[in-house]
Every structure is written in structure tokens, then in C-alpha cells.
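The values are calculated or read from the model by the stated rules, or taken from the named source; none is laboratory data. Everything quoted here is computed from the prediction, not taken from an experiment. Note that we place each Cβ from the backbone using ideal geometry, even for glycine, and neighbour counts take in every protein chain shown. Heavy atoms of the whole protein, side chains included, go into the accessibility calculation; ligands, DNA and RNA do not. Shrake-Rupley method; radii C 1.70, N 1.55, O 1.52, S 1.80 Å.
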Amino acid sequence: MTRVARGLVLALAAWLVAFAVHTAEPAGYDFIALYATARLVATGHGGEVTDPAAQFAMEHAILSERTVFLFDPNVPALALLMAPLGALPYTPAYAAMLTLGVAALLGAAALLAPLAAAEQRARLLPFALLAPPSLIALVEGQTTPFVLLALAAALRAPPFWSGALLGATALRPQLLPLFAIVALTRRGTAAGFAAALVAVATLSLAVAGVDGLARYPLLVSLAAEQLRPGELGLPALARRGLGPDAVLNAALTLAAAAIAAVVIVRRSRDVRSRTVDASPWSLLTAPHALLHDGVVAYPAIAAAATGTRATALWVGSGVVVALVQQAGVPLAPLWLLALALGPRRAIRP
């Protein structure tokens, strides 16, 4: 079987598994929140995309069994980009999002392949499409596969476009800070990054208006204060022992980000290497990151695949740790820390 055929078979398997799981209980997954804000835009109510009450009313109208509010803290620009899906009925919209998500994972795997040793690339492809974080992201209908694709493409793009692609992490705003630091270490990437943020801000203003944007910080703060069993960040891990507190959460997040920034800048001398290094650190320093966000660490996993033993170690332990994390035992932050500090292949400038 050729590499292309193998990739298509794995992609089809991932699609079928995710679709079957999601459609069995659609009200239990994140896509309902993303779809609700997209539908608000599609039906001419874009100014309400940051209104928690309007979000919940739309969720319940779409799926009556959705009785617990699942808010969407993403930037309003995302709701505008997803508005074509919001114009579709729910199931076709999810099928379209799932197809795009699988394609994003497949494309990211192709772009990240050169980071790994040549003989290890075939072993990493099934992991990229079928590892627990990938399947969870697909089942949830989340945006993280697209964030991963943007990061993978940033490694191959010219400076300006590399910075713009790093700015696409604004789709998951909690992951943005460290990639901002990476982009700002080079003039060309900094310009692209700034342009991307301006574009996101402009689109967000266009869809939500001034009043809608004024409500947005509340949604972000609600997300930052969440403490769910699958959290990947060190701040969340510390809060399990210290208790929930907004000021404490902010202090822990800033401290973790500062330490990570120093490690990334000192360890690597070019933007590509720093992007790879920042991939696990962005999860470790996020105030709110769940298992589906784990796909963002795939660049570092690819770079750690230096040989058969190393690949088996990181892939095997990654799958086990993800399953243990999903069961409620917070091992993933420690695993990510080991990945962030561990050896990797040199990345060509």
C-alpha cells in the first residue's frame, strides 16, 4: 500500500469513528457551542455571539437535550468564519467540520513529517490521525486540528506568512501568548503576526460590534477559571491543590509563561525551532487546555522521533498517558514537561 493510500485509509477510519461517536450523543460535545455561535451569525444575530444567554438559547433551540450551558469563548471572528456551517442543519454541519478536521490532521502530518527521522515517518502517521487527542478533537468538532495545521505550515512558510500562521493560534486564544513571543523574535514574522491579529480583531469587530466585543473578556475569564478533569496546564495542576482563584490563576499562568519563554529563547536560535519548542509549552502554560488541545504538541513529538526506540517511547507513552488523563489522573502535564525538555532532532533553518 502506498503512503497516500495508507493516509486515506487512516483518514477514513478516523472520520468513521468520530462520526459514530458524535452522532450517538451530539449534545454532549463542544461542536454544539461552536455551531450555535456560527448559527447566530448565519441568522443575522452576530452581535449576540458573545452573549452567554443568547449562546445557550441557541444551543437549546438546536438540540433540546442540551440543558447545561456550554459557552464558546473563541474569538468572534471564528463564528464568522464558521457561518457557512451555521447555515446548514446540525448533522451536515458536523460532517463538514469533521471532514475539514480530518483533512487538517492529514495535511499537518505531511508537513511535520520532515521533523522526524525518515524511517519513523510511517509510524507517526497513524498516531497523528488516531491518537486519543486527535480522535477527541474530531469527535468534539473542535478547532485544534486547524491550529496544528497552521503551526505545521508556519514551519515551511517565508517569514511574513510564518508569522501570520502563528497568529492563527488566536483561534485558541489561551495558546496564543507563547507563539506571540516566538513570532516577535524576528522582524519578518513579527510583522506577519501583527497583521494576523489585526485581521482577527477587524473580523471580530465586524461580526460582534463594539458592544459584543465589550462582553468578550467575560467569556475568556470564564474559560480561564474552569478546572476540568482533563486539564493539561501546569497552572490548572497547581490550582487543584491551592483552590480556584482568579488572581492566583493569572499569577500562575504569567509565571509559567515567563519560565517557558526563557527556556524556549535560550534553547533555540531560530523561529522554526522555537515554534516546535513552544508547542508543548503552550499547553503547559495555558490556563485552560484539554486533551483535544494535545494535538498542538505533535510538532515536538515528531522532532523527538529520532529513532525506533524514541518513537516507540513517545508514541506509546503518549497514548497511555492520554487515556490515563481522560480517566481523571493528571499525568499529561508531567509528560508534556518531559517532552518539552527532552532531546529532539535538529531542525533545518
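Estimated from the Cβ-Cβ distance and a Förster radius of 35 angstrom, the FRET efficiency linking Glu25 and Arg123 is about 0.60. A Förster distance of 25 Å, applied to the separation of the beta-carbon atoms of Leu184 and Ala250, puts the FRET efficiency at 0.75. Springs between Cα atoms under 10 Å define the GNM used for the chain, and in it the highest mean-square fluctuation of Ala18, Ala250, Ala300 occurs at Ala250. Converting phi to 3J(HN,Hα) with the Karplus coefficients 6.51, -1.76 and 1.60 and the offset θ = phi - 60°, region 166-182 yields 4, x, 5, 5, 4, 4, 10, x, 5, 9, 5, x, 5, 6, 5, 4, 4 Hz in sequence order, with x at every glycine or proline. Using only the Cα atoms of region 1-130, build the gyration tensor, take square roots of its eigenvalues as a ≥ b ≥ c, and label the shape rounded, prolate or oblate: rounded if a/c is under 1.5, else prolate if a/b is larger than b/c, else oblate. The shape class here is prolate.
With contributions of -39500 (n - 2.57) from each DSSP H run of at least four residues, the per-residue ellipticity at 222 nm computed over the chain stands at -22500 deg cm²/dmol. Shape verdict for region 115-211, please, from the Cα gyration tensor: rounded (a/c under 1.5), prolate (a/b greater than b/c) or oblate. Judged from the Cα gyration tensor, region 115-211 comes out oblate (a/c at least 1.5, b/c at or above a/b). Label point of Ala194 set 7 angstrom out along Cα-Cβ; within region 154-175, amide nitrogens under 17 Å from it belong to 159-168. Considering only Arg309, Arg267, Arg172, give the residue with the highest GNM mean-square fluctuation for the chain, with springs between Cα atoms whenever their separation is below 10 Å. Of Arg309, Arg267, Arg172, the most mobile in the Gaussian network model is Arg309.
Charged side chains reduced to their Cβ positions (Lys and Arg at +1, Asp and Glu at -1) give the chain a dipole of some 1620 debye around its Cα centre.
Taking the C-alpha atoms only, the angle from helix 121-130 to the longest principal axis of the chain is near 20 degrees. Considering only Ile32, Ile62, Ile301, the mean-square fluctuation computed in a Gaussian network model of the chain, springs between alpha carbons under 10 angstrom, is largest for Ile62. Ordering Val320, Gln120, Phe146 by the projection of their Cα atoms onto the charge dipole of the chain, which places +1 on the Cβ of Lys and Arg and -1 on the Cβ of Asp and Glu, puts Gln120 at the extreme positive end. Expressed as a whole percent, the accessible area of the chain that falls on carbon and sulfur atoms is 70 (1.4 Å probe). Here Val9 and Arg269 are evaluated by their C-beta separation; at R0 = 45 Å the FRET efficiency comes out at 0.70. About the centre of its Cα atoms, region 105-207 shows a dipole size close to 220 debye [charges on the beta carbon of Lys, Arg (+1) and Asp, Glu (-1) only; nearest 20 debye].
Please label the shape of the chain as rounded, prolate or oblate, based on the square roots a ≥ b ≥ c of the eigenvalues of the alpha-carbon gyration tensor (a/c under 1.5 means rounded; beyond that, a/b larger than b/c means prolate, else oblate). The shape class here is rounded. Rounded to whole numbers, the Karplus 3J(HN,Hα) couplings from phi for region 256-271 are 5, 5, 5, 5, 4, 4, 5, 4, 5, 5, 6, 6, 10, 10, 9, 5 Hz, using 6.51 cos²θ - 1.76 cosθ + 1.60 with θ = phi - 60°, and x at Gly and Pro.
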